[in-house]
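All remarks here apply to the structure that follows.
We did not get these values from a lab; they are worked out from the coordinates using the rules stated. Because the structure is predicted, anything quoted here is derived from the model rather than measured. Here Cβ is always computed from backbone atoms with ideal geometry, including for glycine, and neighbour counts include all displayed protein chains.
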Amino acid sequence: MSEQKIHITRKLLSKRKSLLMHGVGFVTGDPTIELSYPFTLHPGMQVTVTEPGDSKWIYMMLPLEMGSLITDIKIAHHRTGLNSYISLIRLIEQREPISATVVHNEKFNNNMPSTCVISSGCNVIVSKSILLKVCMNFASKDDIIEIGSVEIRYIPTYATLSSIDKNERIEEEQEQIFKFNGISKETEKPFLLELFSQRKKKTILTSKK
């Protein structure tokens, strides 16, 4: 897996939005994981296990439109055990049900505070269905990891906006070149036509000789 290196201009960053979700959106197919949805005693989504282990995965679908650029993933959580923690945040893209591609992967250790927001920066352009995968390490079946808000920061329709931004930057560079050479935008076309005419005349004179 190799994440794309993308330069984001300030203009594009100003268009960034936040997709705010909750831990109740997580699901899992692991029979050793138990998900306890919000109740009076706990507003978050609690994760516990019947068997300790270091590969306990939960999943969440991200409803993002094609062409969007994901820049940050933030997960607010609380844990009761010192040795039970979120160990990895991953993004995968998928079309066919029998295969998937990892497009972002970041590991974490257990030296983070018991209550905090885990942040993972990335540069992922959405081209297929995107799944957020969270891996947890449970040292004991008595430990609890509780998840609150999940925030995805992204630039919508980045692919289209970046193309427009690139064209605008090219036009600005060309304008600077014309100004440096003493050519105004209004005389740009006549100047180019004049050059073309001169070259055409030289070609005709050469052919006559």
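Here are a few things to note about the model shown:
- Filtered residue count, the range 73-103, keeping only those that are over 21 Å from residue 145 (Cβ atoms), under 12 Å from the mean Cα position of the chain (by Cα) and not aliphatic (A, V, I, L, M): 1
- Residue tally, condition surrounded by fewer than 14 Cβ atoms within 10 Å (Cβ to Cβ) and either of a type in the set (A, V, I, L, M) or within 18 Å of residue 73 (Cα to Cα) (or both), over the range 129-166: 1
- Qualifying residue in the range 48-61 (condition: touching a Pro at 6+ places or on another chain (Cβ under 8 Å), closer than 23 Å to residue 130 by Cα and touching a residue at least 12 places away in the same chain (Cβ under 8 Å)): no
- The single condition among (1) surrounded by 12 or more Cβ atoms within 10 Å (Cβ to Cβ); (2) in contact (Cβ under 8 Å) with a residue 60 or more places away in the chain; (3) touching an Asp or Glu at 6+ places or on another chain (Cβ under 6 Å); (4) not basic (Lys, Arg) that residue 32 does not meet is (2).
- From 14, 68, 18, 55, residue being in contact with a helix residue (DSSP H, G or I) (Cβ under 7 Å, 6 or more places away or on another chain) and farther than 14 Å from residue 147 by Cα: 68
- Flag if residue 101 is of a type in the set (Val, Ile, Thr) and surrounded by fewer than 17 Cβ atoms within 10 Å (Cβ to Cβ): yes
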